[in-house]
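Chemist: One structure, as structure tokens, below. Some questions next.
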Amino acid sequence: MKFPLSPVIDVHQACLQKLNHETFNHRRLSASVLRLDLIHPVISGNKWFKLKNYISMAQHANKKGVLTFGGAYSNHLHATAAICHLEGISAVGVIRGERPRELSPTLIDCENLGMQLIFISRNAYRHPEELQKTFSHQYPDLLLVAEGGQGDPGITGAAEIMELHDFSGFTHVLCAVGTGTMCAGILRKLKNGQQLLGVNVIKIPSGENNLSSFIANQSSRATATLYYDYHFGGYAKYSTRLLTFMNEWYSRFDMESDFVYTGKLFFAFDDLLKKEYFQQGDNILLIHSGGLQGNRSLPTGSLTFETHN
Ligand SMILES: *Cc1c(COP(=O)(O)O)cnc(C)c1O
């Protein structure tokens, strides 16, 4: 991470990049990627949209800053630290697990950005409601933000992603799904007949579950389908097949992806293409939600492109 951080978050940098490949011409399909990864060198893609309302809530309520939760490589913590740094407000990060001897590159950045880190046992971390209660007592002058920016302010912020361009010509929108907050926001803005395909990066059983009913309740117009088979073993798990695919995607489209979210999204898209899921005339939008800093947890040399931020 380079200091000083650029003070500008420019959502207009989020261009629509058309994917040019013979498969698409051959099958009379179009596909484009919304490059949310380009809005800021450090504040990653969808995290800006999910956090912006919380930051202004904290400022309006005269809080000193925000307190939030995440793991050692969390994009959410990283983005929160960077935004708070730029806004000149405090940030506290509650980290899952004991403090390791060597901090991850993500947490080193968070500390350099002025975030105070509090490490708690994985056991205690499993009870988010109790944690929130404890920390709101301990830090009354901070706004508590749930992990991943989950909650209505996060969803309405994410919905603004769909105001960046005119997306009415797309038949399908594909995005990666963690907490489902971004996906919920996008779904709220889709028009009649548009379909959202959400690619789960967490291993959860398919069929009826809390996430699927939460998503289904977001819109009466557009439909959403969640995919459960592209997690590669679970959250932040990967295989050489995934990394090879990400390298291929990079050489094909000159586009970096991360192994936790967007790599799995693009893999799912490619797999659905191969299975002839899409039909002639379909116009597909893929959301590049950022998150490239997470690649720093991979062994060096795993990828043909180097993630610096
Ligand atoms: C956090 C994150 C997501 C998941 O967003 P949710 O709103 O939690 O579903 C997707 N992509 C990237 C790159 C992320 O960092």
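The values are calculated or read from the model by the stated rules, or taken from the named source; none is laboratory data. Keep in mind it's a predicted model, so treat the numbers as computed, not measured. When we count neighbours, we look across all protein chains shown, and the Cβ atoms used for this are built from the backbone with ideal geometry, even at glycine.
Conditions tested, residue by residue: (1) outside any helix (DSSP H, G or I); (2) buried (at least 20 other Cβ atoms within 10 Å of the Cβ); (3) touching an Asp or Glu at 6+ places or on another chain (Cβ under 7 Å).
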{"site": "Leu34", "(1), (2), (3)": "yes, yes, no"}
{"site": "Val42", "(1), (2), (3)": "yes, yes, no"}
{"site": "Asn46", "(1), (2), (3)": "no, yes, no"}
{"site": "Leu51", "(1), (2), (3)": "no, yes, no"}
{"site": "Ile55", "(1), (2), (3)": "no, yes, yes"}
{"site": "Asn62", "(1), (2), (3)": "yes, no, no"}
{"site": "Val66", "(1), (2), (3)": "yes, yes, no"}
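Chemist: Return the residues of the stretch 72-91 that are surrounded by fewer than 24 Cβ atoms within 10 Å (Cβ to Cβ), touching a residue at least 40 places away in the same chain (Cβ under 8 Å) and assigned to a helix (DSSP H, G or I); say none if nothing qualifies.
Modeler: Selection gives His85, Leu86.
Chemist: Continuing with the same structure: Can you tell me which of Phe245, Phe278, Phe232 is among the aromatic types (Phe, Trp, Tyr), surrounded by 13 or more Cβ atoms within 10 Å (Cβ to Cβ) and outside any loop (DSSP other than H, G, I, E, B)? Talk me through it step by step, then tell me what you get.
Modeler: Numbers: Phe278 fails: outside any loop (DSSP other than H, G, I, E, B); Phe232 fails: outside any loop (DSSP other than H, G, I, E, B).
Answer to the selection: Phe245.
Chemist: Suppose we filter Lys203, Lys191, Lys133 for residues that are of a type in the set (Lys, Arg), more than 16 Å from the ligand (Cβ to nearest atom) and within 24 Å of Ile287 (Cβ to Cβ); which single one remains? Show your work before the answer.
Modeler: Details: Lys203 fails: more than 16 Å from the ligand (Cβ to nearest atom); Lys133 fails: within 24 Å of Ile287 (Cβ to Cβ).
The conditions single out Lys191.
Chemist: One residue is enough: does the stretch 226-237 have a residue meeting the conditions closer than 18 Å to Ile161 by Cβ, among the basic types (Lys, Arg) and more than 14 Å from the ligand (Cβ to nearest atom)?
Modeler: no
Chemist: In the stretch 44-68, what residues are within 12 Å of the ligand (Cβ to nearest atom) and more than 14 Å from Gly148 (Cα to Cα)?
Modeler: Restricting attention to the stretch 44-68, the residues satisfying the condition of being within 12 Å of the ligand (Cβ to nearest atom) are 44-51.
Listed by number, the list is empty, since nothing qualifies.
Chemist: Filter the stretch 195-213 for residues that are surrounded by 22 or more Cβ atoms within 10 Å (Cβ to Cβ) and in a loop (DSSP other than H, G, I, E, B) and give the result. Let's see the steps before the verdict.
Modeler: At the first step, the residues of the stretch 195-213 found to be surrounded by 22 or more Cβ atoms within 10 Å (Cβ to Cβ) are 196-201.
Val201 - this is the single residue of the stretch 195-213 that is surrounded by 22 or more Cβ atoms within 10 Å (Cβ to Cβ) and in a loop (DSSP other than H, G, I, E, B).
Chemist: Out of Val66, Val8, I need the residue that is among the hydrophobic types (A, V, I, L, M, F, W, C) and modelled with pLDDT under 95. Which one? Don't jump to the end; show me each part of the working.
Modeler: Values: Val66 fails: modelled with pLDDT under 95.
Every option except Val8 fails the conditions.
Chemist: Residue check, Val11 against (1) surrounded by 23 or more Cβ atoms within 10 Å (Cβ to Cβ); (2) within 19 Å of the chain's Cα centre (by Cα); (3) among the aliphatic types (A, V, I, L, M), all met but one. Which one?
Modeler: Just one mismatch for Val11, condition (1).
Chemist: Here's something else I'd like to know. Looking at (1) surrounded by 16 or more Cβ atoms within 10 Å (Cβ to Cβ); (2) in contact with an Asp or Glu (Cβ under 8 Å, 6 or more places away or on another chain), which one does Val94 not meet, given that it meets all the others?
Modeler: The single condition Val94 does not satisfy is (2).
Chemist: Next question, about the same structure. Say we look at the stretch 149-187 and pick out the residues that are within 14 Å of the chain's Cα centre (by Cα) and surrounded by fewer than 21 Cβ atoms within 10 Å (Cβ to Cβ); which of these is farthest from the ligand (Cβ to nearest atom)?
Modeler: Going residue by residue through the stretch 149-187, those that are within 14 Å of the chain's Cα centre (by Cα) are 149-150, 154-155, 157-159, 161, 174-186.
The next check asks that each one be surrounded by fewer than 21 Cβ atoms within 10 Å (Cβ to Cβ); those that pass are 150, 159, 179.
Numbers: Gln150: 7, Ala159: 12, Thr179: 3 Å.
Taking the candidates together, the pick is Ala159.
Chemist: Hey, another quick one. On the given criteria, is Gly281 more than 30 Å from Thr106 (Cβ to Cβ) and more than 14 Å from the ligand (Cβ to nearest atom)?
Modeler: Values: more than 30 Å from Thr106 (Cβ to Cβ): yes; more than 14 Å from the ligand (Cβ to nearest atom): yes.
Yes: the conditions hold for Gly281.
Chemist: One residue is enough: does the stretch 100-113 have a residue meeting the conditions within 23 Å of Leu38 (Cα to Cα) and part of a loop (DSSP other than H, G, I, E, B)? Before the answer, list the steps.
Modeler: Of the stretch 100-113, the ones within 23 Å of Leu38 (Cα to Cα) are 105-110, 112-113.
If we keep only those that are part of a loop (DSSP other than H, G, I, E, B) too, we end up with 113.
Yes; the residues of the stretch 100-113 include at least one that is within 23 Å of Leu38 (Cα to Cα) and part of a loop (DSSP other than H, G, I, E, B).
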